[in-house]
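> Have a look at the structure that comes next, please.
The values are calculated or read from the model by the stated rules, or taken from the named source; none is laboratory data. Just so you know, these numbers come straight off a predicted model, no measurement behind them. Neighbour counts are summed over all protein chains in view; Cβ atoms, including those assigned to glycine, are modelled from backbone coordinates with ideal geometry. Remember, those area values only see protein heavy atoms, side chains included, never the ligands or the DNA or RNA. Shrake-Rupley method; radii C 1.70, N 1.55, O 1.52, S 1.80 Å.
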Amino acid sequence: MDQALSEARAAAARGEVPVGAVVVSPSGTVVAAAGNRTRELNDPTAHAEVLALRAACAAAGSERLPGHHLYVTLEPCPMCAAAISFARIARLYYGAGDPKSGGVAQGARVFSHPQCHHAPEVYDGIAAKEAEKLLKGFFADRRESGC
């Protein structure tokens, strides 16, 4: 999760919502890491999770990542939760919950739907306080600066 938090901090420095994601192989090796880049790439799908999954899949030469784990600083949104399911991620670890836009424990609860073909094991609250502090600080700074 430390590397995901580092990716989130880098995203914030770029003016992106500070969310970071890291994909870890079954052997414990980090195979991909990313932070949000929606503004930079002008791409609403360029969430940290999607970018990390794309890079990990490219490295694996497969659209699926069985046995892999994903660490994310914020509860994935419904789009990202669907991508996690499609990639067949074995375990999802995330930090802060997202009552507004979450798709795992909040809102859509993608993994609970009958249409969901694969649901990873989910572990929440990992470094949640640090992730929340990063997000709250980012948005407070934006409000103060009028952005």
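> Considering only the stretch 52-74, state which residues are in contact with a Leu (Cβ under 9 Å, 6 or more places away or on another chain) and open to solvent by 30 Å² or more (accessible area, probe 1.4 Å).
Selection gives His69, Tyr71.
> Which numbered condition trips up Gly146, out of (1) closer than 26 Å to Cys57 by Cβ; (2) open to solvent by 60 Å² or more (accessible area, probe 1.4 Å); (3) not basic (Lys, Arg)?
Just one mismatch for Gly146, condition (1).
> Scan (1) open to solvent by 70 Å² or more (accessible area, probe 1.4 Å); (2) under 19 Å from Glu130 (Cβ atoms) for the single condition Pro26 breaks and write down its number.
All conditions pass for Pro26, except number (2).
> Looking at the stretch 119-135, which of the residues that are open to solvent by less than 70 Å² (accessible area, probe 1.4 Å) and assigned to a loop (DSSP other than H, G, I, E, B) is farthest from Leu92 (Cα to Cα)?
Going through the stretch 119-135, the residues open to solvent by less than 70 Å² (accessible area, probe 1.4 Å) turn out to be 119-120, 122, 125-128, 131, 134-135.
Add one more test, that the residue is assigned to a loop (DSSP other than H, G, I, E, B), and what stays is 119-120, 125-127.
On the way: Ala119: 9, Pro120: 6, Gly125: 11, Ile126: 10, Ala127: 14 Å.
Restricting to residues being open to solvent by less than 70 Å² (accessible area, probe 1.4 Å) and assigned to a loop (DSSP other than H, G, I, E, B), the top hit is Ala127.
> Sticking with this structure for a sec: Here are Cys77, Cys116: which of them is open to solvent by less than 60 Å² (accessible area, probe 1.4 Å) and either closer than 23 Å to Ala10 by Cβ or under 14 Å from the mean Cα position of the chain (by Cα) (or both)?
Values: Cys116 fails: either closer than 23 Å to Ala10 by Cβ or under 14 Å from the mean Cα position of the chain (by Cα) (or both).
Exactly one residue qualifies, and that residue is Cys77.
> Still on this structure, please answer the following. List the residue pairs whose Cβ atoms are under 7 Å apart, where the first residue sits in the stretch 34-48 and is β-branched (Val, Ile, Thr), the second is open to solvent by 80 Å² or more (accessible area, probe 1.4 Å), and the two are 6 or more positions apart or on different chains.
Thr38/Pro44
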